[in-house]
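Each remark here refers to the structure printed beneath this line.
The values are calculated or read from the model by the stated rules, or taken from the named source; none is laboratory data. Here the structure is a predicted model, which is why all the values come from computation and not from measurement. For neighbour counting, all protein chains shown are included, and Cβ atoms are generated from backbone atoms with ideal geometry for every residue, glycine included. In case anyone asks, the SASA skips ligands and DNA or RNA and just uses the protein heavy atoms, side chains included. Shrake-Rupley method; radii C 1.70, N 1.55, O 1.52, S 1.80 Å.
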Amino acid sequence: MTNVIVLFAEADRAAQGLAGAAETLGGETRAVRITDYQIEPALNALVDACRGADVVLFANDTYSQELAPRLAHRLGGACAGDGIDIQRVDGKIRVTRQVYGGKAQAVIELRRSPAVVWLRARSFPASDVGQASACPLATKGQAEACPTLIVERNTSTQTTTRLEDANVIVSGGRGIGGPEGFRDELQPLADLLGAQMAASRAACDAGWVPPTWQVGQTGKKVAPALYLAIAITGASQHMAGISEAKNIVAINIDPDAPIFKHARFGIVDDYRKVVPQLREKLARRDS
């Protein structure tokens, strides 16, 4: 039994979680790294690197979602995505994923080998296997034979933790009222907590914050230790993205907001009154 972990230069933090998933499957585990991504060369190199493997594991980034089904097809295997658990039962791979916006779970048995699966971040305990020993894939020769040509690359330097890997998240919704609330109220709170910023789809669609901040069914799926939901009602589409959060703390002016049904702690009040007090308490703690 052989497991292959596929890593990307942009998503190194996912390595330990994937290694933890591989440990639950047993057998030998090896890791490969893609440092210069272009889909066709990377796919061709992965076909060679993954032959003979029983399981191929990807993280939940855009590259993985683009590669996984194509790789499964070329290897004659089966694919599943957004897994929160993976097990080997009677020689078959079973993947658990959430359905109906996180209200239920489905267990999918992949009957063809290899099983190519991309997993949700922070769903498995971290392990040291994989990242340090990852072998880079030789994609240069593949790129020269590729029928497509990259004309230009625009790369932005990411100075913060990926949202999917964040341990603490401060997230705002439509009730924030505008970009000023994110900038002047929530961002200073996130800085004091060492947290990443996020938002609901409504806030992103309004242009108040970047679309990369969006959490939910059509955004990013996160599993932080603490998710602070501020002025977010908690519609099912948003809850689908945070169902794996260990602790949800909600601040909302509406006592009937659905978010309170899922929150471990809740405060019914205007965030403009609560957040400054939280910042004051945190600042006093750190002084």
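General observations
- If only residues of region 64-115 that are among the charged types (D, E, K, R) and not in a strand (DSSP E or B) are counted, the one that is farthest from P258 (Cα to Cα) is R74.
- For Q214: the one exception among (1) open to solvent by less than 30 Å² (accessible area, probe 1.4 Å); (2) free of Cβ contacts under 8 Å to residues at least 60 places away in the same chain; (3) over 24 Å from the mean Cα position of the chain (by Cα): (3)
A quick yes/no check of all residues on (1) of a type in the set (S, T, N, Q); (2) in a loop (DSSP other than H, G, I, E, B); (3) surrounded by 17 or more Cβ atoms within 10 Å (Cβ to Cβ):
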site: G175; (1), (2), (3): no, no, yes
site: A190; (1), (2), (3): no, no, yes
site: A198; (1), (2), (3): no, no, yes
site: V209; (1), (2), (3): no, yes, yes
site: T218; (1), (2), (3): yes, yes, no
site: H238; (1), (2), (3): no, no, yes
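- Number of the exception - Q16 against (1) assigned to a helix (DSSP H, G or I); (2) in contact with a strand residue (DSSP E or B) (Cβ under 7 Å, 6 or more places away or on another chain): (2)
- Subset of region 267-287 [open to solvent by 50 Å² or more (accessible area, probe 1.4 Å) and either assigned to a strand (DSSP E or B) or under 15 Å from I232 (Cα atoms) (or both)]: I267, V268, D269, R272
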